[in-house]
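What follows draws every value from the coordinates through simple rules; no lab data is involved. Not measured: the values here are computed from a predicted model. Every residue, glycine among them, receives a Cβ derived from its backbone with ideal geometry; neighbour counts consider all protein chains shown.
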Amino acid sequence: MVKWRLMLTTLPFTAFMLLVKFAIVHGLNYEGLVKFSEIGLVITGGIFIIAFMLAGTISDYKESEKLPAEIACAIETIDDTLVLGYNFKGGFDLGEVRRQLNAVTQTIINWFDKNGTDEEVYAKIASITSIALVLEKAAVGPIAARISGEQHNLRKLFARVNVIKRTYFLATGYALLEVLTVVIIGLLIIAKFENEITGVIIITFITQIFVYMIRLIRDVDEPFEYSPSGKVRAADIDLFPLRDYYERALKRI
């Protein structure tokens, strides 16, 4: 049902535009100002802008799909390093440092669920330094240095997620697309059609497609905007790699 939500919630706007057209034609007895064939160039321009904006947002979206898995891999690599150091030398409480690491994972998940702040996540990532210090004190050798490398990688990945979450693709492109959509729908309202059925089909199709695509592009451009209520949008990036790792990590303690 999630995949149809965007389409279905766009239908009321399309129905409203049809009612406006009927009111103008039958209420005001106004047949139209221009022929539909004369506005084809404007519609083509709108389609071109839609294709341009969708291509740009899709490229960022494909990168976003990788980030939860890469974050999980970075944290799990730190976990593996802890096990390696413990088996090699021992001298520290493996369960305790794993609990500290799990707290980092939990804080990141909470942040995605809008139950935490950027500062809390960065503070938890910084706390991985204390885990590396435990291994240094246990004299496990160069193994401890691997933790700092993965800590840097984790911080970089989270910063990239934050950038994607806070910025939009080409705001001027959105402005042009929205203006063209309003113009196209306005022209459809004042256009003449060969018969009423043709008019209904064309207005319904074009209005639905243009409004739907604007909403879809915005959804794709916001891949990490999860709802606090748990309501999933079709374009939300699934966090299952991170959540699955967290569940595995809890069982290891």
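Assuming charge only on the beta carbon of Lys and Arg (+1) and of Asp and Glu (-1), the dipole of segment 59-162 about its Cα centre is about 200 debye to the nearest 20.
I need the GluC sites (Glu not before Pro) found in segment 1-106, filtered to DSSP loop residues with at most 12 other beta carbons within 10 Å of theirs.
31
Angle of helix 128-137 to the longest C-alpha principal axis of the chain, folded into 0 to 90 degrees and rounded to 10: 20°. As a calculated quantity, the FRET efficiency between residue 182 and residue 225 at R0 = 30 Å, using C-beta atoms, amounts to about 0.75.
Too long at a 21 Å Cα-Cα cut-off: which of 89/124; 89/251; 66/156? 89/124; 89/251, as the Cα separations exceed 21 Å there. For segment 29-161, the Cα-based Rg and Dmax, in that order, read 25.0, 89 Å.
Suppose only helical runs count, i.e. DSSP H with n ≥ 4. What mean residue ellipticity at 222 nm does that imply for the chain under -39500 (n - 2.57) per run, divided by all residues and rounded to the nearest 500 deg cm²/dmol?
Calculated mean residue ellipticity at 222 nm is -26000 deg cm²/dmol.
If the label point is 7 Å along Cα→Cβ of residue 194, which residues in segment 24-44 have backbone nitrogen under 16 Å from it? Residues 35-40 qualify, since their backbone N sits under 16 Å from the label point.
Here the chain is treated with +1 on each Lys and Arg Cβ and -1 on each Asp and Glu Cβ, and its dipole about the Cα centre works out to around 300 debye.
Out of segment 114-222, which GluC sites (Glu not before Pro) are coil in DSSP terms and have no more than 11 other C-beta atoms within 10 Å? Present the calculation step by step, with values, prior to reporting the outcome.
Values: sites: 119, 120, 136, 150, 178, 194, 196; in loops: 194.
When the GluC sites (Glu not before Pro) of segment 114-222 are filtered for loop state and at most 11 Cβ neighbours within 10 Å, 194 remain.
Over all projection directions, the Cα-based convex hull of the chain averages an area of 16.3 nm².
Neighbours of residue 36, meaning other residues whose beta-carbon lies under 15 angstrom from its beta-carbon, give a summed charge of -1 when Lys and Arg score +1 and Asp and Glu score -1.
Evaluated with a Cβ-only charge set (Lys, Arg +1; Asp, Glu -1), segment 19-89 carries a dipole of roughly 340 debye about its Cα centre, given to the nearest 20.
In order along segment 81-94, the phi-based Karplus estimate (6.51 cos²θ - 1.76 cosθ + 1.60, θ = phi - 60°) of 3J(HN,Hα) comes to 5, 4, 5, 4, x, 5, 6, 7, 10, x, x, 8, 8, 5 Hz; Gly and Pro are listed as x. Taking only Cα atoms, what is the 0 to 90° angle, nearest 10, from helix 196-220's long axis to the longest principal axis of the chain? Between helix and principal axis, roughly 20 degrees.
Between the residues 242, 147, 48, the greatest Cα displacement towards the positive end of the dipole of the chain, with unit charges on the Cβ of Lys, Arg, Asp and Glu, is found for 147.
Could you compute the FRET efficiency for residue 163 and residue 253, with r as their C-beta to C-beta distance and R0 at 41 Å, rounded to 0.05?
Here the calculated transfer efficiency is 0.80.
The distance between label points at residue 136 and residue 35 comes to 8.0 nm (points 7 Å beyond Cα on the Cα→Cβ vector). Site pair residue 113 and residue 3 shows an inter-label distance of 2.7 nm when each label is modelled 7 Å from Cα along Cα→Cβ.
Listing 211, 182, 20 from fewest to most neighbouring C-beta atoms within 10 Å gives 182, 20, 211.
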